[in-house]
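What follows is a single structure, written as structure tokens, with notes after it.
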Amino acid sequence: MTFRNRALRIYTTVAEAVPALLLSAMFLSFILQVFMRYVIGQPVGWTVEVCAIAWIWIILWGQSVSARDEDEIRFDIVYSAVGAGTRRVFRILAALLLITVYLIAFGDSWSYVSFMKIEDTSYLDIPYNYVFAIFLVFLAVSILRYALIAVQELRGVIAPPANTSLPEDTPE
């Protein structure tokens, strides 16, 4: 196994482990909250914060770092009705549009996240700039990801085939 393949495998493992760990923390916090509220009769507020922060990080980390190109949603009705060349154009235009939108949003998002260091969460006293920093990661990784897609398509890498068939029922 080459160094590149090993590094890619480690990256993939870590990228997929982060949402799994966050989901575990979210689940355990939820169970603890239910136990404390209904069994002990003393609800704790910090578990709600853990769940909310974990959910934000799961969504934004998962979409930018963990998600594969095959996981993306496409308008299959239109996408599958056109040829490979048109699908390639669709992918280039979509990538350029998303890069543009994310680049426009990056500066103001950076300012907002930086500004939020003055405010802390209610129970855990985590500065909100740490909570919202994942949005900057989302923007940066998404820009790189769609730039790579645009470059690959411009170089002539074939667009993924349209998913035109549904799984067939197999007789029992």
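Residues considered: ARG87, ARG91. Of these, the only one that is touching a Ser or Thr at 6+ places or on another chain (Cβ under 9 Å), in a helix (DSSP H, G or I) and either loosely packed, with under 14 Cβ neighbours inside 10 Å or touching a residue at least 12 places away in the same chain (Cβ under 8 Å) (or both) is ARG87.
Scanning segment 17-58 for residues that are among the hydroxyl-bearing types (Ser, Thr, Tyr) and surrounded by fewer than 15 Cβ atoms within 10 Å (Cβ to Cβ) gives SER24, TYR38.
Within segment 41-57, the set of residues being within 18 Å of the chain's Cα centre (by Cα) and over 9 Å from LEU22 (Cβ atoms) comprises CYS51, ALA52, ILE56. On inspection, LEU60 qualifies as at pLDDT 85 or above, hydrophobic (A, V, I, L, M, F, W, C), under 17 Å from the mean Cα position of the chain (by Cα) and assigned to a helix (DSSP H, G or I). For LEU148, the conditions (1) free of Cβ contacts under 8 Å to residues at least 60 places away in the same chain; (2) of a type in the set (A, V, I, L, M); (3) under 30 Å from VAL48 (Cα atoms) all hold with the exception of (3).
Residues being within 23 Å of ASN129 (Cα to Cα) and either of a type in the set (Gly, Ala, Ser) or not in a helix (DSSP H, G or I) (or both): count how many of those fall in segment 25-57. Final tally of qualifying residues: 5.
The values are calculated or read from the model by the stated rules, or taken from the named source; none is laboratory data. Note that the structure is predicted; figures quoted are calculated from it, not measured. Glycine also receives a Cβ, built like all others from the backbone with ideal geometry; neighbour counts cover every protein chain displayed.
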